[in-house]
Amino acid sequence: MSTKMVALSFTLFACACSNGPSAVGDGASGSGPLARGGSAGISQVGGAASGSAAGGASSSLGGASVAGAGGPGGTASGAGTSAGGAGSAGGASNAGSTGVAGGTSGTSGTGGGSVIDATCGGTNGTATNLKDKYAGCFPIGAAVDSQSYMTHGPILKAHFNSVVAENDMKFNALEPNEGSFTYTNADKIVDFASSNSMKVRGHTLVWHSQNPSWLFTGATKDTLIARMKNHIKNVVQHYKGKVYAWDVVNEAIMEDGSYRSGSGDEDKKSHWYEIIGPSYIAEAFRAAHEADPNAKLFYNDFYDYIPAKQQGIYTMLKGLLADGVPVHGVGMQCHLNIEPSTKTDNQGYYQSVENLEKAIVLYSSLGLEVQVTELDLSLYIPGVSYTKDTFYTAATFTDALELKQANRYQAFFELFRRHRNVITGVTFWGIADDNTWLSEFDSGRKDFPLLFDNNHQPKKAFDAVMNF
Ligand code: XIL
């Protein structure tokens, strides 16, 4: 596809990122893949404690087309001088805030020895793979499982310099029975990463989903805190020096900005909050810091583009920092969709580049670094009903749709680049379309959300993030 077309078109829409997995969650009959976290999937995830599955046959939301002209704030593709960050080494500093306005975010400094093309936002214009292209910006990561690092080994090694375990470091995977830790699968991933000079993110220590059933059984506040601390201590110490960053707490804030509480649907409620109260969050960060003082500790969540939610996350983080809790960064999952929803009551309605940019600016104003932790871009529009007849297949994933997906990927990458002084990592939630959680629906709904296709070949979306 022509790079020009992509470049042109990305200024045409208002973007959005949307919703997560879920598309789910919202739909009438829910579709969410996996129910965030649920046991829905295929996957090796063994039994998630909670989580329902809902397969996504018909959701409701409706949106038709998007609208939005006027591109993301400012076209500017990073005027900044060279890259920020320390190249693939990964860590940019915790620097302070970025300006919102487009194009001013570049810091100086050279990016880790790679060729920096200042007119291209700190990227390497001659690179042929993702990690070299973005060496001056941030490491490029992928979520892997204990098979995919081998089955997808060639593209993983060629394009990525960071990995995260998609499921193998979750509570139910690492401590299926109290006090008995099973590191085998996660260790394989970490060993693979270290033999290939890749960084490793840890995901995730405390979450409402994918927990073993013993964890909350008969738990008082004190027992649950003790179980949590013991888990964090064992896991973080086991990976000390190998996992450089942890998602310590995942998804604690709701779309309206309130804490995820102990009420509501079983697959959405937090037994952590229900039994301990909001202090479980500070306790978790303190325990992780004690176990590995060098690890970067992240709060991770989805739908960061929703104004009320980003404000809720900001307020919580500000409070934690004021109390001296060791939080170093914010992970924005960024499960996006090909279009925002047109329904004002749908979370995907707010899924725009501008709204995501507000989250980056807000979080980094606290001195925190920001990472994109679970990036993918679904073909399904939040708010639209899909049935078996309208599920996408390889045949109906047309060139036009592929181009549209590419344009939207490019719009978000333009944003990430522009804020490269505070964005210290961009991780995709998978490697290629043949292995994505968005195709885990019981209904059989397939999705094609990544940069590489079912045959591990680069898609137009790959070209779009490489060629601008
Ligand atoms: C997902 C995995 O990709 C699936 O395989 C599993 O069935 C459910 O969990 N937000 C998160 C991730 O933080 O841990 C979730 O991963 C996707 C949504």
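Worth a mention:
- Of the numbered criteria (1) over 28 Å from M150 (Cβ atoms); (2) open to solvent by less than 10 Å² (accessible area, probe 1.4 Å), the one H203 fails is (1).
- Residue list for the stretch 402-430, filter: open to solvent by 10 Å² or more (accessible area, probe 1.4 Å) and assigned to a loop (DSSP other than H, G, I, E, B): N421, W429
- Residues of the stretch 210-229 satisfying the condition of being surrounded by 15 or more Cβ atoms within 10 Å (Cβ to Cβ), of a type outside the set (K, R) and out of contact with any strand residue (DSSP E or B) (no Cβ under 8 Å at 6 or more places or on another chain): Q210, N211, L215, F216, A219, L224, I225
- The set of residues in the stretch 150-160 that are closer than 16 Å to M466 by Cα and part of a loop (DSSP other than H, G, I, E, B) contains only F160.
Conditions (1) within 16 Å of the ligand (Cβ to nearest atom); (2) of a type in the set (F, W, Y); (3) closer than 24 Å to W437 by Cα, marked per residue:
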| site | (1), (2), (3) |
| --- | --- |
| M254 | yes, no, yes |
| E274 | no, no, no |
| Y280 | no, yes, no |
| Y299 | yes, yes, yes |
| I338 | no, no, yes |
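- The stretch 126-149, residues that are open to solvent by 10 Å² or more (accessible area, probe 1.4 Å) and assigned to a helix (DSSP H, G or I): K131, D132, Y149
- Every residue from the stretch 316-348 that is surrounded by fewer than 24 Cβ atoms within 10 Å (Cβ to Cβ), within 23 Å of Q405 (Cβ to Cβ) and within 20 Å of the chain's Cα centre (by Cα): I338
- Residue in the stretch 234-244 that is within 16 Å of the ligand (Cβ to nearest atom), crowded, with 21+ Cβ neighbours inside 10 Å and not in a helix (DSSP H, G or I) present: yes
- Whenever a residue of the stretch 426-441 is more than 10 Å from the ligand (Cβ to nearest atom), its partners that are among the β-branched types (V, I, T) and open to solvent by 10 Å² or more (accessible area, probe 1.4 Å), lying with C-beta atoms within less than 8 angstrom and at least six residues away or across chains, give the pairs I431/I155; A432/I155.
- K388 being on the phi < 0 side of the Ramachandran plot, outside any loop (DSSP other than H, G, I, E, B) and of a type in the set (K, R): no
- Hey, E374 of a type in the set (D, E) and in a helix (DSSP H, G or I) or not: no
- Among the numbered conditions (1) more than 17 Å from the chain's Cα centre (by Cα); (2) open to solvent by less than 10 Å² (accessible area, probe 1.4 Å), the only one that Q351 does not meet is (1).
The values are calculated or read from the model by the stated rules, or taken from the named source; none is laboratory data. All values reported here derive from a predicted model rather than from experimental measurement. Positions of Cβ are backbone-derived with ideal geometry, glycine not excepted, and every protein chain shown enters the neighbour counts. Ligands, DNA and RNA are stripped out before the accessible areas are found, and what is left, the full protein with its side chains, is counted by its heavy atoms. Shrake-Rupley method; radii C 1.70, N 1.55, O 1.52, S 1.80 Å.
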